[in-house]
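A short worksheet on the structure shown next.
The values are calculated or read from the model by the stated rules, or taken from the named source; none is laboratory data. Predicted model, so just to flag it, every value in this text is computed and none were measured. Note that each Cβ is placed from the backbone with ideal geometry, even for glycine, and that neighbours are counted across all protein chains shown. Protein only, heavy atoms only, side chains kept; ligands, DNA and RNA dropped before computing areas. Shrake-Rupley method; radii C 1.70, N 1.55, O 1.52, S 1.80 Å.
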Amino acid sequence: MASSYSQEWRSVCDKFRNAQTLSDIESRKDPENDPFRSKYKARDLLKEILAVLKSFDTGETEDDDNDAAECQTEEPVDGGKGEACGRRCPGDSNAGIRAAKLGVIEFYLGVNHLETEELSAGEEHLMKCMKLLERCTITQENVSLCIQARNQLGILWASRDETEKAQGFLETAESIYIRYMKEDGQPPMDLTEFFVGEEDQLSQQERTKRFELAYTHTLYYLAQVYKNLEQFERAGKYCHSTLQRQLELNQFVPLEWAINAATLSQYYITKTRYMEGRHCLAAASVIAALPGEVPSEAAAQESEIECEKREQLRQKRAEIARCWIKYCLNLMQDAKKLLEDNIGELDVDRQAELRRGRREEEEERERERKSTVLFSSSDTFDSICALEDKVSCVLPLDFEEARAVFLAGQNHVGQAKEYFEMDGHVTDHIEILQDHSALFKALAFFEDDLERRCKMHKRRVDMLEPVCKDLNAQYYLLVCRQLQFELAETYYEMMDLKLAVADRQDELDAHTVKKFNALCSASMAYYEKFLDTARSPDGKFPDKLEDEVLRPALVAKFRVARLQSKLISASPAVQIENLSRSLEAYRFVVRYCEENPEARPAVETELELSEEMVNLLPIKINRIRAKMAVN
């Protein structure tokens, strides 16, 4: 009898192993017209195993009956939050082992149905698995199964957009892990070990690795759930923990891991947590280099797979470079916000105050770093630290510090542009150019020399203007508007700088006047181009502007008015003409806000100045006319 049972059990183990092979390996070879062929074969084997296990149950001994009688039942599992699986029958009893074996097969049947897109059937099997485990303590025999079943149910409910229900299953899985590690902590059995001989049992190290990986999945899915629930702080924390555990367990795809780390850095940047953001980016860059060098184009031509690999490597590394650009840009812009006075210039008193407080801040940051979960393994720690040292995580307070951050950002601009070329990646390429322009703009704030500052803005014009002229507004309207407005603003800033330089001179020479007028005209031209994009095909300006262009359009009109009045001319007639055009533009802003009162809050400051100029300019124009009449 024992021999017969042993043979039947070996047959069960063989079927289980074959089902695993079919599901995990053979299914990858299934044809497109029959994509689940191997999955269905695996399902049939699992059903056969389940039937055999249940037949074993009918022949249980008296001791087994006693074990089963000791097991109490519990209310059905509902996926709610909190503790699960109270203390009932021991997991290593006959009844406990039987329940675990049945649970494992129900689990794999559930996963099988989910993978073949039969969600309701999958849910049914997973719930049966959990019901079986309700009778047993969370022990070495079943804790991994308890967690993995809830992971799968969490994924299932998340796919149905039932995020809070998914949250319940996953948080319960998390609490099970924490409780088990507190009460026991020994490496638990893996699901596969119930259907192998003693000689094939896993080592303690492998058991630990698989169990920790299952919990890592719990944290990963919780990160997604919290993100969907807009609990971004918790989502960031769980994402960080997931990435760190993947490194420790050496269970990650380098490029995928690197992109996730780079994406997490952007969250930290929005929270001005630059130390953590830099750490994520340094780790992303190091891990992204693990696949090795980008294959040469010659090698890529020999193999389609090599070609795809080459493109993927280039793309992901370029995406990480773009995240570095955002890091450097935000660091400089946040510093600018702290240091600028009420007219947008550098506040030297504030600068000195921040310098005095920096030593204490650095000590506090070092303490924060020690409490931060660092991405590291024995292979990568030194490389990550070395890369971090190349760019500061402290807000720059002067030109030299800002320039160091700028150069780091500019270096990554070059890397990003190598992949995101204008030919084939128009929008991405232009966004990178805009970020490069913004880096120059932020650096210019720290520059004392007005002429040098003006040259930085000229660099912005040189990189954006050719693209703006070549771009088809019919297909890239939004991008064209962005470029037109930025170019108009850049010329406007250059005009203001030239005006400040001119104010220091006793007398303006003809070259300075010509340059100043050229900047005014260029700025007005781009503002007018921007305004033209709001016109109807017959050239009529709308009576009511769309929300997305309301403020930019009215600001553009206001700036045109100011620029028109700033034009320098020795001819009184030309002066009157310029001032009259300026007056008309100011009146447009006032008239539009009178006809559309809801627009007033969007341009409160500009409207107040426009109303003032509508009253003052006619007086100035009449004064010039009076002088002309006398002369």
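Using θ = phi - 60° and the Karplus curve 6.51 cos²θ - 1.76 cosθ + 1.60, what whole-Hz ³J(HN,Hα) does each residue of segment 24-29 get, with Gly and Pro shown as x?
After applying 6.51 cos²θ - 1.76 cosθ + 1.60, I find 8, 10, 5, 4, 5, 9 Hz.
To the nearest 10 square angstrom, what accessible area does residue 9 show with a 1.4 Å probe?
About 40 Å², rounded to the nearest 10.
Report, in debye and to the nearest 20, how large the dipole of the chain comes out about its Cα centre when Lys and Arg carry +1 and Asp and Glu carry -1 on their Cβ. Write down the numbers at each step before the final one.
Working: 85 positive and 116 negative charges, 562 e Å.
Dipole size: approximately 2700 debye.
About its Cα centre, what dipole magnitude does segment 86-165 give when the only charges are +1 on Lys and Arg Cβ and -1 on Asp and Glu Cβ, stated in debye to the nearest 20? Don't skip to the end; give the middle numbers.
On the way: 10 positive and 12 negative charges, 108 e Å.
Once rounded to the nearest 20, the dipole reads 520 debye.
Can you give the helix-only mean residue ellipticity at 222 nm for the chain, where every DSSP H stretch with n ≥ 4 adds -39500 (n - 2.57) and the sum goes over all residues, rounded to the nearest 500 deg cm²/dmol? Walk me through the intermediate numbers first.
Details: 23 runs with 462 residues, N = 631.
Result for the chain, helices only: -25000 deg cm²/dmol.
Report, by chain and number, residues whose modeled amide H sits under 5 Å from the one on residue 397, excluding near sequence neighbours (fewer than 5 apart, same chain).
402
Could you give the length gained on full extension between residue 386 and residue 451, defined as 0.36 nm per residue of separation minus the Cα-Cα distance, in nm? Present the calculation step by step, with values, prior to reporting the outcome.
Details: separation 65, 0.36 × 65 = 23.40 nm, distance 3.66 nm.
Taking residue 386 through residue 451 to full extension adds about 19.7 nm, to one decimal.
Can you find, among 589, 416, 357, the residue farthest towards the positive end of the dipole of the chain? Put +1 on the C-beta of Lys and Arg, -1 on that of Asp and Glu.
Going by the Cα projections, it comes out as 589.
Using only C-alpha positions, report the orientation-averaged shadow area of the convex hull of the chain, nm², one decimal. Kindly include the intermediate steps, with their values, before the conclusion.
Details: hull surface 160.2 nm².
Approximately 40.0 nm², given one-decimal rounding.
For segment 417-537, what is the number of Lys pairs with C-alpha distance below 18 angstrom, counting only pairs 8 or more positions apart or on separate chains?
Final tally of qualifying lysine pairs is 13.
Can you tell me, using C-alpha contacts under 8 Å and at least 6 residues apart, the relative contact order of the chain as a whole percent?
This gives 7 percent for the chain.
Can you find, among 305, 601, 406, the residue sitting farthest towards the positive end of the charge dipole of the chain, where Lys and Arg contribute +1 and Asp and Glu -1 at Cβ?
Result: 601, furthest along the dipole toward the positive end.
If the chain between residue 458 and residue 541 were fully stretched, how many nm would it gain, using 0.36 nm times the residue separation less the Cα-Cα distance? Can you show the working numbers first?
Numbers: separation 83, 0.36 × 83 = 29.88 nm, distance 3.13 nm.
Here the answer is 26.8 nm.
Identify, among 613, 226, 571, the residue whose Cα sits farthest towards the positive end of the charge dipole of the chain, taking +1 on the Cβ of Lys and Arg and -1 on the Cβ of Asp and Glu, with the dipole about the Cα centre.
Comparing the listed Cα positions along the dipole, 571 ranks first.
Beyond 32 Å between alpha-carbons counts as too far, so tell me which of 237/326; 271/309; 39/309 fall in that bin.
On the way: 237/326 21 Å; 271/309 34 Å; 39/309 29 Å.
Exceeds cut-off: 271/309.
How many nm separate the modelled label positions at residue 403 and residue 469, each set 7 Å beyond the Cα in the direction of the Cβ?
That separation, rounded to one decimal, is 3.1 nm.
If you take the C-alpha gyration tensor of segment 161-243, multiply each eigenvalue by 5 and take the square root, what semi-axes do you get, largest first, in whole Å?
Working: eigenvalues 171, 32, 26 Å².
They are 29, 13, 11 Å, listed from largest to smallest.
Report the normalised scattering of segment 7-52 as log10 I(q)/I(0) at q = 0.17, 0.18, 0.24, 0.25 Å⁻¹, calculated by the Debye formula with identical scatterers on the alpha carbons.
Computed log10 I(q)/I(0) values: -0.46, -0.50, -0.76, -0.80.
Can you tell me the accessible area per residue over the chain, all protein chains present, probe 1.4 angstrom, in square angstrom? Mind showing how you got there, number by number?
Values: 32770 Å² over 631 residues.
With all protein chains present, the chain gives 52 Å² per residue.
For segment 91-198, which trypsin sites (Lys or Arg not before Pro) are both in a DSSP coil and crowded by at most 14 other Cβ atoms within 10 Å?
On the way: sites: 98, 101, 128, 131, 135, 150, 160, 165, 179, 182; in loops: 135, 160.
Here the trypsin sites (Lys or Arg not before Pro) that fit, given the DSSP loop and packing criteria, are 160.
Considering the convex hull of the alpha carbon atoms of segment 385-428, report its projected area averaged over all viewing directions, in nm², one decimal. Before the final figure, lay out the partial values.
Details: hull surface 16.6 nm².
Average projection, Cα convex hull of segment 385-428: 4.2 nm².
What ranking of 456, 181 comes out by heavy-atom accessible area, probe 1.4 Å, highest first? Can you show the working numbers first?
Working: 456 20, 181 70 Å².
The residues order as 181, 456, largest area first.
Carbon and sulfur atoms: what percent of the 1.4 Å accessible area of the chain do they account for?
Details: 15630 of 32770 Å².
Reported share for carbon and sulfur atoms: 48 percent.
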